[in-house]
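Q: My questions will all concern the structure given below.
Derivation of every value follows stated rules applied to the coordinates shown; laboratory data play no part. It should be emphasised that the depicted structure is a prediction, and the values quoted were computed from it without experimental measurement. Please note: Cβ atoms are built from the backbone with ideal geometry, for glycine as well, and neighbour counts cover all protein chains shown.
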Amino acid sequence: MIASEDEQFSRPYDQQVEFRQLEAFVAVGTELHFGRAAEKLHMGQPTLSELIRRLERELGTSLLTRTTRRVALTQAGTELLGRAKLIIDEVEGAVAAVRRIAEGGAGRVRLGITPPVAPVLAPHLAAALKAAAPDVELSVRRMWLPDLQRVVADIDGELDIAITCGLVPDPPGIISEVFCAEPLMVAVRPDHRLAGQGAVDLTDLSSETLGVHSDALFPAWTLAQRQALEAANVSPPTVELTDTDLSAGRWAAQPDVDWILTTRSVAGSHMSTPLLPTSPARIVPYTLQWCPIRAATAAVGRFVHLALSVDVPPGWLTQQDHLRHATH
């Protein structure tokens, strides 16, 4: 004995409703025409009809009334249509969001920087990331160098990427790349004997007192300065600056200081004394460090690629082979 349609609906299947059944129903419920709905879904009309019948059997009720001339929604069908549209929109939105994350178009990047990176380089890279991947969230955290290297090396840490000035040791499991550099500058007093020159050889200042920041205040910046002096084979007498701002814009008020080392990004608009380039040219390199495990996340990997390939800020040096040191 064959059960009636009502009897069939009263005994729903144990299978769960499939997503493609909802897609089929929404197409028919919207078009109210099986032929047009089948064309919209790029499937045959018999396949579409079978999907609707299976859905009705699973739900235990009729969703559509069909005649030779028209298709109409039942009360249950009207209720399901609105809900099914929301479900499809949510699923499609979720799929699109996951794909954006997988492709590096969305997600989160946690960047740690030392203070010298903050004035120019960090905003430059943030703007480049915003232009390339506006849905990627970039959080930037300023840190002292020892803490920065410790946290970026922690596999469960709070950072994905670190940027600092100077050449720094590679923490275990971390990849490092010197990816850009800024010309080193010398600041002297307006009445200094070298103030009118176009450039200054650091050896000409080797006997004059250099003002330096405290290691405790700016360890990354003092490291970069020491490395520049070592590269120039210069060991001038030094005194600690009383100006505790990174820019050291008030250094000339300290009478026992004859000159300081700086860059245009560090000095900013605060420097009132002459700024002179060095000859031969000296640089302050900037090092990018990242954990390869976290860089497997597309957003982090995208930021690393962008930092290594985007144009550097005006006046900076781009990625040259002589600025790089080996990755691991």
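Q: Using the alpha-carbon centroid of each, what span in Å lies between region 124-164 and region 71-97?
A: 41
Q: I would also like to ask the following. Highest mean first, what order results for 224-234, 18-28, 67-77 on Cβ atoms within 10 Å?
A: 18-28, 224-234, 67-77
Q: Then there is this: What list of ³J(HN,Hα) values in whole Hz, one per residue of region 284-290 in order, does the Karplus curve 6.51 cos²θ - 1.76 cosθ + 1.60 (θ = phi - 60°) give from phi, with Gly and Pro shown as x?
A: 10, x, 10, 10, 9, 10, 8
Q: GNM on the chain, C-alpha springs below 10 Å: top fluctuator among Thr273, Thr61, Thr262?
A: Thr61
Q: Please give the calculated 222 nm ellipticity per residue for the chain, where each DSSP H segment of at least 4 residues contributes -39500 (n - 2.57) and the sum is spread over every residue; nearest 500 deg cm²/dmol? Please report the intermediate quantities before stating the final value.
A: On the way: 11 runs with 123 residues, N = 328.
Value at 222 nm, helices only, nearest 500: -11500 deg cm²/dmol.
Q: Then there's this: DSSP beta bridges in region 185-281, what fraction antiparallel, as a percent rounded to 5?
A: 55
Q: Additional query: List the residues whose amide H sits under 5 Å from the amide H of Ile283, counting only those 5 or more places along or on another chain, with H placed 1.01 Å from N in the peptide plane.
A: Placed amide hydrogens put Leu184 under 5 Å from Ile283.
Q: Within the set of other residues whose C-beta is less than 10 Å from the C-beta of Asp215, count the net charge using Lys and Arg as +1 and Asp and Glu as -1.
A: So the surrounding residues net to 0.
Q: Further, regarding this structure: Using alpha carbon centroids, what distance separates region 205-223 and region 27-59, in Å?
A: One Cα centre to the other: 76 Å.
Q: Run through the DSSP bridge list for the chain and note the antiparallel percent, rounded to the nearest 5.
A: Values: 24 of 41 bridges.
Taking every DSSP beta bridge with both residues in the chain, the antiparallel ones total about 60 percent.
Q: On a 0 to 90° scale, report how tilted helix 19-31 is relative to the longest principal axis of the chain, with both axes built from alpha carbons and the result rounded to the nearest 10.
A: 70
Q: Under 12 Å from the Cβ of Pro313, count the other residues' Cβ atoms, weight Lys and Arg +1, Asp and Glu -1, and hand me the total.
A: Around Pro313, the charge tally is -1.
Q: Next question, about the same structure. Quick one: 3J(HN,Hα) in Hz for region 129-134, Karplus 6.51/-1.76/1.60 with θ = phi - 60°, rounded, Gly and Pro as x.
A: These are the phi-based 3J(HN,Hα) values: 5, 4, 6, 7, 9, x Hz.
Q: Which entry in (1) 70, 18, 16; (2) 39, 23, 16; (3) 32, 24, 20 is this structure's computed semi-axes √(5λ) of the Cα gyration tensor in Å?
A: Label of the calculated value: (1).
Q: Something else about it: Long-range amide H contacts for Val136: which residues qualify at under 5 Å (H placed 1.01 Å from N, peptide plane, sequence gap of 5 or more or a different chain)?
A: none
Q: When only C-alpha pairs under 8 Å and at least 6 residues apart count, what is the relative contact order of region 58-138, in percent?
A: 23
Q: Pairs of Cα atoms under 8 Å, at least six residues apart: use those to get the relative contact order of the chain, whole percent.
A: About 21 percent, as a whole number.
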